[in-house]
Amino acid sequence: MVERVSWMAPVDYEIMLFFDEHAIQVSPRVLAANIDYDRQYVSKRCRVLSEADLLESVQTGLYQLTDTGHDYLEGELDVRELEDDED
């Protein structure tokens, strides 16, 4: 079970889970269409997740899950590290 991080929005888990299930690089537009959320909101959340090192921007406008993101989803990351990132 993944421990929730206080600053995360509900869509953040869905975003990371999409990348975990699909080892591809996609834009927020494509991602939003696949998880049924607003593109602008998904784009904003991708930037936030990228700043926390859970996603990485591999090219302009393309994202993928980081090793830290994988570790978080596997429950292998101390979420206190992510809480500290937003202070």
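Working note: Karplus 6.51/-1.76/1.60 with θ = phi - 60° gives segment 35-46 the couplings 10, 6, 10, 5, 4, 5, 5, 4, 4, 4, 5, 4 Hz, where Gly and Pro are set to x. The H on the amide N of Leu55, modeled in the peptide plane, is under 5 Å from the matching H of Ser50, Thr66, each at least 5 residues off or on a different chain. Annotation: amide H of Val26 within the under-5 Å range of Tyr63, sequence separation 5 or more or interchain, hydrogens built in the peptide plane. With protein chains left intact and a 1.4 Å probe, residues in the chain average 62 Å² of accessible area per residue. Whole-Hz ³J(HN,Hα) for each residue in segment 21-31, computed from phi via Karplus 6.51 cos²θ - 1.76 cosθ + 1.60 with θ = phi - 60°, x for glycine and proline: what do you get? Per-residue couplings from phi come out as 7, 10, 6, 9, 9, 9, 8, x, 4, 5, 4 Hz.
The values are calculated or read from the model by the stated rules, or taken from the named source; none is laboratory data. Just so you know, these numbers come straight off a predicted model, no measurement behind them. Surface accessibility is based on the protein's heavy atoms, side chains included, excluding ligands, DNA and RNA. Shrake-Rupley method; radii C 1.70, N 1.55, O 1.52, S 1.80 Å.
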